[in-house]
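Here's the structure, in structure tokens; my notes come after.
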Amino acid sequence: MANRYLHNVQGLFDTIAPNYDRMNNIISLGTHRHWRKQTMAQIHLASNAHVLDLCCGTGDWTIALAKELQAPGEVIGLDFSAPMLKLAQQKVTQQQVADRVWLRRGNAMHLPFKDNTFDLVTIGFGLRNLPDKAQALTEIYRVLKPGARLVCLETSQPDQPLIKPVWQWYFTKVVPLFGRLFAHQYQEYSYLQETTRHFASYQQLATMFQQAGFQNVHFQRFNFGAAAAHFGTKEAK
Ligand SMILES: C[S@@+](CC[C@H](N)C(=O)[O-])C[C@H]1O[C@@H](n2cnc3c(N)ncnc32)[C@H](O)[C@@H]1O
């Protein structure tokens, strides 16, 4: 089952990779840039920090993090999709951060890193795609240094009675149509909107963080709750 999931979801991301950045702008009506900026503003990094950006995709967040660092500081971007990583590598070179960024192919649920390695782990729009979120959070907790933080930016669900039905209509009807219209990928964007609709609420995600052991768990919601950034800290020894 786990292998079938990996094959299918990985195949989906391999397929959408060439259109990924453009479709992100279209589907979120450009607002994902604001969410990313607001989340970055709450990350305070020492310039020599060791950072892991999980499910790094085409690398925008990886690069934004790298720009805060100087050697020996570094960011490892991990993703299981080779086409996503190829696009990320091109941007890393173009934006001249190749001395601080290492891109690695791997599975976010089985991290190939030792315990207590990173000063920060980020995961942007990745967690909802993982079949076992609890396992992924436990893995992230393991590789963080004591006292270090996880920052997760993800789509979420508005809960205001007036906004919620509009949001549901937009995701179930409009997003797959945009997929067909702008990328000829109706099935793929149907799947992606389903993962968004069925993903945990912002309160449930905060509880999942706590269950994985994170402390000082808090969140910031964007656009009436259409997205949320969650923060949690590994217990300091
Ligand atoms: C929606 S994209 C997000 C990309 C990027 N973080 C961003 O903020 O735009 C999700 C990414 O997660 C990756 N992904 C999904 N499941 C994964 C897994 N089990 N292990 C590693 N990467 C995974 C996909 O290949 C894809 O690049």
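Computed from the coordinates by the stated procedures, all read-outs in this text should not be read as laboratory data. Predicted model only: the values in this text are computed from it and were never measured. Using ideal geometry, Cβ is built from the backbone for each residue, glycine included, and neighbour counts are taken over all protein chains shown.
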Once phi is turned into ³J(HN,Hα) by the Karplus curve 6.51 cos²θ - 1.76 cosθ + 1.60 with θ = phi - 60°, what whole-Hz value does each residue of region 230-236 show in order, with x for glycine and proline? 10, 10, x, 10, 6, 3, 7
For region 118-213, the fraction of alpha-carbon pairs in successive 5 Å shells from zero, as %: 3, 12, 19, 20, 16, 12, 10, 7, 2, 0
How would you order 229-236, 184-191 from highest to lowest mean count of nearby Cβ atoms within 10 Å? 229-236, 184-191
Residue by residue through region 75-85, what is 3J(HN,Hα) from phi via Karplus (6.51 cos²θ - 1.76 cosθ + 1.60, θ = phi - 60°)? Round to whole Hz and write x for glycine and proline. 10, 9, x, 10, 7, 9, 9, 4, x, 4, 5
Report the residues of region 198-237 in range of a label on Arg142: point 7 Å along Cα→C-beta, backbone N strictly under 20 Å from it. 208-215, 232-237
If amide H atoms are built 1.01 Å from N in the plane of the peptide, which residues on other chains or at least 5 residues away come under 5 Å of the amide H of Trp102? Val75, Ile76, Gly77
Dividing the helical contributions, -39500 (n - 2.57) per DSSP H run of n ≥ 4, by the residues of the chain yields a 222 nm value, nearest 500 deg cm²/dmol, of -13000 deg cm²/dmol
Looks like region 1-130, by Cα gyration tensor root eigenvalues a ≥ b ≥ c and the a/c under 1.5 rounded cutoff (else prolate when a/b is bigger than b/c, oblate otherwise), is oblate
Number of Lys pairs in region 108-207 closer than 27 Å at Cα, excluding neighbours under 8 places apart unless interchain, is 6
Would you mind putting 76-86, 13-23 in packing order, based on average other-beta-carbon counts within 10 Å, highest first? 76-86, 13-23
Rh_Kirkwood(the chain) over Cα pairs, Å, one decimal, evaluates to 18.0
Kindly rank 101-107, 126-132 from highest to lowest mean number of other beta carbons found within 10 Å of each residue. 126-132, 101-107
Between Cys56 and residues 5 or more places away or on another chain, the pairs with built amide H atoms under 5 Å apart involve Leu78, Asp79
